[in-house]
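Beneath this line is the structure, given in structure tokens, with notes to follow.
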Ligand SMILES: [Zn+2]
């Protein structure tokens, strides 16, 4: 990304905004002349952005979700329905109609979906994706 003022190719991002049309507006600062300019970048086929606990944003990656479900359902009787489960979760995420979702949203929906199908898979997923490692923690998580 070249600076529009001096042509230098190194700049740092000072601010990023995710826009409704799935593009990202970034404010950049040239590392040479120090001037600021704006760029627009498109996130192709990734309408949703995920915010994690550290407030970092990244495009929603279904592969990541699939990996976690595959892991949770490993050696359970729903092991063969990973794809079905993933699309069910994905549909519920899309149904939220939010451009920005949190990892919490994903975990909560995945737990709901898994709970209907296999208590074992749900428990594995739960312990992997939450910091609730006590019975009280589990109850607090389910009740919120
Ligand atoms: Zn410059």
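The values are calculated or read from the model by the stated rules, or taken from the named source; none is laboratory data. Every value quoted in this text rests on a predicted model; they were computed, and no experiment measured them. All Cβ positions, glycine included, derive from the backbone under ideal geometry; neighbour counts span all protein chains shown.
Is it true that residue 105 is in a helix (DSSP H, G or I), touching a strand residue (DSSP E or B) at 6+ places or on another chain (Cβ under 9 Å) and either away from the ligand (no atom under 16 Å from the Cβ) or more than 25 Å from residue 127 (Cβ to Cβ) (or both)?
yes
Scan the range 56-101 for residues that are more than 17 Å from residue 126 (Cβ to Cβ) and touching a residue at least 40 places away in the same chain (Cβ under 8 Å) and report the count.
9
Among the residues of the range 28-54, what is the count of those that are within 16 Å of the ligand (Cβ to nearest atom) and at pLDDT below 90?
Total satisfying the criteria: 1.
Is it the case that residue 16 is in contact with a strand residue (DSSP E or B) (Cβ under 9 Å, 6 or more places away or on another chain), over 24 Å from residue 130 (Cα atoms) and within 16 Å of the ligand (Cβ to nearest atom)?
Against the criterion (in contact with a strand residue (DSSP E or B) (Cβ under 9 Å, 6 or more places away or on another chain), over 24 Å from residue 130 (Cα atoms) and within 16 Å of the ligand (Cβ to nearest atom)), residue 16 does not qualify.
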